[in-house]
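Single-structure report; data block below.
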Amino acid sequence: MHLKSSLSALAVTIGLMVAAPAFAQHDQHAVPAKGQPNAKSGQLIKVSEKDAAWAAKERASYPLDVCVTSDEKLGSMGKAPEYIYRVAGKADRLVVFCCGGCDEDFLKDPAKHLAKIDAAKAGGPGTAKDARKGHH
C-alpha cells in the first residue's frame, strides 16, 4: 500500500514539474492568436508602462493614421489602444487600433494586417488616403 502512495505522489510531482514552466510563462495581458499552431502563434500584449519607451519610439515611425483592421481614423473613438504583437523568434511589432474591439479582428488574420503596416511603411496602400472600409 505504501508503494502505491509513493508512486502516486511521484506521478503528481512529475506532472507539476512538467506543467510549472507553462504556468510561469503565462502573461495575463497576452491574447493568443486563434487558428495558428502553438509554436508559431503570436500574442497581442497591451502596451504597459514598462513598454512605454519602446512603444513611443515605434509610434514615432508608425506608418498608419488609421486602424489596421477597420480603417477608421486613429483617435476618432478616443485614445487609440496600442499593442505589441509578439511571435517567438521574431521582432516585436507595434499595432494600433481605433478601439478596444479591433484586437479580436486582428487575431483572425494577423499576417494580413501586418502586411498592411509593412506596405504603408514602404509607401504603398494602407494609408489614411485610401477609402475607408468602415468600422466592424
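Every read-out reported here was derived from the displayed coordinates using simple, explicitly stated rules and does not represent laboratory data. Here the structure is a predicted model, which means the values were calculated and not measured.
Data table
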read-out: Sequence-distant residues sharing a close amide H with Asp65 (under 5 Å, placed H); value: Ala128
read-out: Whole-Hz couplings from phi, Karplus 6.51/-1.76/1.60, listed for the stretch 106-120; x for Gly and Pro; value: 4, 5, 5, 7, x, 4, 4, 6, 5, 4, 5, 5, 4, 5, 5
read-out: Integer Hz, Karplus 6.51/-1.76/1.60 couplings in order for the stretch 80-85, x for Gly and Pro; value: 6, x, 10, 10, 9, 9
read-out: Under-5 Å amide H pairs with Gly42, H placed in peptide plane, nonlocal only; value: Ala33
read-out: Global form of the stretch 28-121, assessed from the alpha-carbon gyration tensor, a/c cut-off 1.5; value: rounded
